[in-house]
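All remarks here apply to the structure that follows.
The values are calculated or read from the model by the stated rules, or taken from the named source; none is laboratory data. Bear in mind that the values here come from a model prediction, so they are computed numbers and not experimental data. As a convention, Cβ positions derive from the backbone with ideal geometry for all residues, glycine included, and neighbour counts pool all protein chains shown.
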Amino acid sequence: MKPRIVVFSISALAYTLREISRDYSSQANIELVPRAYEDALEFARNRYYTDTVDVFVAAGSNGAFLQNQLEAPLVVIRPDGFDVMQALAVARKGSSHVGLVTYETAFDELANLTRAFDLPIYTRTYRTPEDARQSVRELAQLGAEVIVGPGLVNQIASEMGLESVLIYSRQGVMKAFDEAIRLASAKAGGTPRSNRQTYTYHTEQDILGDSQAVLALRNTIRVCGAVDFSVLIQGETGVGKELVAQSIHTAGSRAGKPFVAINCASLTETLLESELFGYEEGAFSGAVKGGRAGMFESAQGGTVFLDEIGDMPLAFQTRLLRILEDGSVRRIGSVSARKVDFRLLAASHVDLQKAVEQGRFREDLYYRLNEMLILIPPLRERPEDIASLAGHFLRTTPVRVSNAKFEAFLSLALPVFVTLAWPGNIRQLKNVCKRAAVLLTQNADIQQWQSWFPDLLQTPVNQAPLQNFADTRLQGFELLALQYAQAKAHQRPDLIRKALAMSGGEVQKVAAALGVSRSTVWRLMKAAAAADQSTV
């Protein structure tokens, strides 16, 4: 079956997308859908979780919105320096007064070029549709007669009676289609999306920050990518262990092959066995016709990422060690083994060396995994990265707030942010920024931000006492999230239990509301169940 690709566009780019998609008709089924933002997100989730599409493609602010919200393979069409120069050359044929409006990123090289050659090109960046409209209006007032930019900018320029040139090149669109087909091919094999992933798009450059710790981490990733060793990644919840794993994969020789991830804490022992090793037809009640490959077979030639490996039962640790030693796997119900070729990356939020000492993890497996070790520092140990992280999360949040408002908020909030412990690390900071963006749309007086955010301010600011966390304005999940952030470790399983009851058992909803990973929710669910059994 050919890859199934959905391309979103409601702008001037749609014509180019439609034209190029015809050239790919023999390679993929490409469907153009005229939706954006929340409508596109709802459409994408429905199609992806009903298994009627493999990969999505989008561009500009719509692409950034979906990238931040959609848990599915997505390729974002991005212009590069060549695209910009090509579009400007076309624009200057129509007028010597040209304006360039780009989404978020300014092309510094272009600014240098215009100064060096005295080219009258006015530039602006935007984040929201309102920003884009204001940018085009300002350029028109400066005398720009032709506007270069993404489809949204082209549309606004046309409404204002200005000529426009699309910033995206045919080559850029073809590159995105080729990547979408590659991702669709990599994830072929029919496995549950809730636990397994067979696509990857993150690199070391997606690890934000300029601290010495982050610079060292990026360098270690490059080193790990250059050698085909097993790597053990350790770090607290929310530091970005899977991001590091994906970056190692894309930095190595297996980058073009599958990246298959599974969370060892999110499955029962029975499901974990079938996911890891696969099964033959008729191996057990409910086995699909023809059987199914396990994750080791699915990753043939690529990378297997075992997240929260510290939660893997001892019996499976023994089987995993055997696979690593002899390079073969036996499906459930099979009498023969199959050769497999993969690289293993593993991650854990617990100290596996201590787990070995406590008899909860096999010592021989620990040393087999630990051919190379990466320790990701918690956010509290690199506060100098908080500014760049918070700025990025605010700029990429789907809530449409102007850059000026974000900058004003950051100037007030950063002195406080750098003093906080951030027990949820980067994931917690990201969720804080999401909530801040929502509050920025509802509150005109940014100077009063402390009163909106009592859950963030757990330490005094300017020696002023803060409101109690049980502020009556906090309701439901908002109050529970604050209680969770302030709870001790032994109190959190009970709070997870409450959150699951409130959500009707929806793990993803609980994880998003509390600012934790799904694996953390599963782990605390098990802890809560164990506590119940101990009291019986």
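Based on what the data block shows, is Ala265 of a type in the set (Gly, Ala, Ser) and within 25 Å of Arg380 (Cβ to Cβ)?
On the way: of a type in the set (Gly, Ala, Ser): yes; within 25 Å of Arg380 (Cβ to Cβ): yes.
Yes, satisfied.
Note on the range 1-50: residues that are in a loop (DSSP other than H, G, I, E, B) and either closer than 18 Å to Ile77 by Cβ or modelled with pLDDT of 90 or more (or both) total 11. Restricting attention to the range 235-255, does a residue exist that is in a strand (DSSP E or B) and buried (at least 22 other Cβ atoms within 10 Å of the Cβ)? For the range 235-255, residues in a strand (DSSP E or B) and buried (at least 22 other Cβ atoms within 10 Å of the Cβ): absent. Across the range 205-220, which residue is farthest from Lys430 (Cα to Cα) among those that are surrounded by fewer than 16 Cβ atoms within 10 Å (Cβ to Cβ) and either of a type in the set (Val, Ile, Thr) or under 18 Å from the mean Cα position of the chain (by Cα) (or both)? Checked the range 205-220; the qualifying residue farthest from Lys430 (Cα to Cα) is Gln205.
So which of Leu320, Leu324 is touching a residue at least 40 places away in the same chain (Cβ under 8 Å), surrounded by fewer than 21 Cβ atoms within 10 Å (Cβ to Cβ) and under 30 Å from Glu357 (Cβ atoms)? First the steps, then the outcome.
Values: Leu320 fails: surrounded by fewer than 21 Cβ atoms within 10 Å (Cβ to Cβ).
Unique residue meeting the criteria: Leu324.
I'd like to check something: does the range 428-441 contain any residue that is touching a residue at least 24 places away in the same chain (Cβ under 8 Å) and not in a helix (DSSP H, G or I)? Checking the range 428-441: not a single residue is touching a residue at least 24 places away in the same chain (Cβ under 8 Å) and not in a helix (DSSP H, G or I). The condition (being out of contact with any Gly (no Cβ under 8 Å at 6 or more places or on another chain) and of a type in the set (Asp, Glu)) is satisfied by just one residue among Asp351, Asp341: Asp351.
Residue check: Leu365 meets all listed conditions (1) surrounded by fewer than 20 Cβ atoms within 10 Å (Cβ to Cβ); (2) not in a loop (DSSP other than H, G, I, E, B) but one, namely (1).
Looking at the range 374-389, can you tell me whether even one residue there is surrounded by 15 or more Cβ atoms within 10 Å (Cβ to Cβ) and in a strand (DSSP E or B)? Yes - at least one qualifying residue is present in the range 374-389. Restricting the search to strands (runs of 3 or more DSSP E) fully inside the range 54-119 and requiring at least 2 residues that are modelled with pLDDT of 80 or more and over 25 Å from Lys2 (Cα atoms) gives 98-103. If you go through the range 21-40 and keep only what is surrounded by 17 or more Cβ atoms within 10 Å (Cβ to Cβ) and under 17 Å from Gly151 (Cβ atoms), you end up with Ser21, Val33, Arg35, Ala36, Tyr37, Ala40.
The single residue among Phe361, Phe393 that is in contact with a Lys or Arg (Cβ under 8 Å, 6 or more places away or on another chain) and either over 30 Å from Ser274 (Cα atoms) or not assigned by TED's automatic domain parsing to the domain that holds Phe65 (or both) turns out to be Phe393. Looking across the range 120-161, the residues that are assigned to a loop (DSSP other than H, G, I, E, B), within 21 Å of Gly81 (Cβ to Cβ) and free of Cβ contacts under 8 Å to residues at least 60 places away in the same chain come down to Pro120, Ala144.
None of Val356, Val304 is in contact (Cβ under 8 Å) with a residue 12 or more places away in the chain, farther than 30 Å from Val438 by Cβ and not in a loop (DSSP other than H, G, I, E, B) except Val304. Return yes or no: is Leu321 in contact with a Lys or Arg (Cβ under 8 Å, 6 or more places away or on another chain), outside any strand (DSSP E or B) and not polar (S, T, N, Q)? Taking the combined requirement at face value, the residue satisfies it.
Inspect the range 501-513 for any residue being modelled with pLDDT under 60, acidic (Asp, Glu) and under 27 Å from the mean Cα position of the chain (by Cα) and give the result as yes or no. Break it down into steps so the answer makes sense when it comes.
Let us first name the residues in the range 501-513 that are modelled with pLDDT under 60, namely none.
No, that holds for no residue.
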